[in-house]
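Peer 1: Before we start, here is the structure in question, set down as structure tokens.
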Amino acid sequence: MLFMVLSANAAILANVKIEGGFFAGLRTVNDAEIKRVYGGGFIYFPYLDLEIFKGLTVGGGYEFGYSKTGKIGLFDEIAKLDISGFELFLMYQYRAKIVVPTLSVGLGFFSYKQAVESASDLPLVDFKKTTVIFAGGLKIYPMDSFFFSIEAKYVPLKVQPYEDVVDLGGWRFAVGFGGTFGFK
């Protein structure tokens with residue numbers, strides 16, 4: 001009995017593939033006023049994923065780096081906006097030889113904060129929002145276990161910290177690299 005359990009576990013581990021990667025790129029913002037004050041910014045996205053079935057992976061990562069300063073209001077008060085978040089995704093990778101197209105969908109758990117240096121009592125904006133994520137990209141494998149990648153990701157992120165709805169969503173265009181690890 002013990003031999004059968006160990007053999008089954010060894011067979012499962014023989015097909016396990018783990019990928020880790022790192023993206024860096026540009027983040028856009030949909031809201032016209034936010035775009036005018038803060039503009040787009042640079043983001044980073046390290047991630048890990050696990051292949052669960054031929055080309056189908058589940059994974060998670062963390063987007064950070066968007067931290068922008070601008071001037072708002074009648075008195076051009078200094079304001080800072082930070083957006084970051086964890087993402088969980090399901091990705092399909094069409095396993096061709098060297099070039100591998102990818103499509104993914106997931107959930108993002110984002111935090112957004114805005115602080116204003118003001119003489120008045122403007123409240124700190126510090127909220128969280130969950131949203132869906134859509135992405136597509138390409139991986140290029142110059143070697144079996146190393147890849148370069150590009151990705152376009154869309155994140156809809158409409159928030160309502162107070163009375164007005166603000167669209168913090170937008171595109172992420174990123175390039176990256178990573179590695180594939182298996183238990184063969």
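The values are calculated or read from the model by the stated rules, or taken from the named source; none is laboratory data. For clarity, every value in this text was computed on a predicted model and none was experimentally measured. Counting neighbours? That spans all protein chains shown, and the Cβs are built from the backbone with ideal geometry, glycine included. Keep in mind that these areas ignore ligands, DNA and RNA; they rest on the heavy atoms of the full protein, side chains included. Shrake-Rupley method; radii C 1.70, N 1.55, O 1.52, S 1.80 Å.
Peer 1: So S104 passes all but one of these: (1) open to solvent by less than 50 Å² (accessible area, probe 1.4 Å); (2) at pLDDT below 95. Which condition number does it fail?
Peer 2: The one condition S104 does not meet is (2).
Peer 1: In addition: Does V58 satisfy the condition of being assigned to a loop (DSSP other than H, G, I, E, B) and either modelled with pLDDT of 95 or more or within 30 Å of V165 (Cα to Cα) (or both)?
Peer 2: Taking the combined requirement at face value, the residue does not satisfy it.
Peer 1: If you don't mind, another one. Please tell me if D144 is surrounded by fewer than 12 Cβ atoms within 10 Å (Cβ to Cβ), free of Cβ contacts under 8 Å to residues at least 24 places away in the same chain and not aromatic (F, W, Y).
Peer 2: Taking the combined requirement at face value, the residue does not satisfy it.
Peer 1: Inside segment 15-42, can you point out the residues that are small (G, A, S), within 24 Å of G73 (Cα to Cα) and open to solvent by 20 Å² or more (accessible area, probe 1.4 Å)?
Peer 2: A32, G40
Peer 1: Regarding Y92, is this residue under 24 Å from the mean Cα position of the chain (by Cα), farther than 20 Å from G65 by Cβ and either at pLDDT below 95 or open to solvent by 30 Å² or more (accessible area, probe 1.4 Å) (or both)?
Peer 2: Answer is yes for this residue.
Peer 1: Which condition from (1) surrounded by 13 or more Cβ atoms within 10 Å (Cβ to Cβ); (2) modelled with pLDDT under 95 is the one that Y66 breaks?
Peer 2: (2)
Peer 1: Right, something else. Can you tell me which residues in segment 170-184 are part of a strand (DSSP E or B) and open to solvent by 40 Å² or more (accessible area, probe 1.4 Å)?
Peer 2: Once the filter is applied, which keeps residues that are part of a strand (DSSP E or B) and open to solvent by 40 Å² or more (accessible area, probe 1.4 Å), segment 170-184 yields W171, F173, V175, F177, F181, G182.
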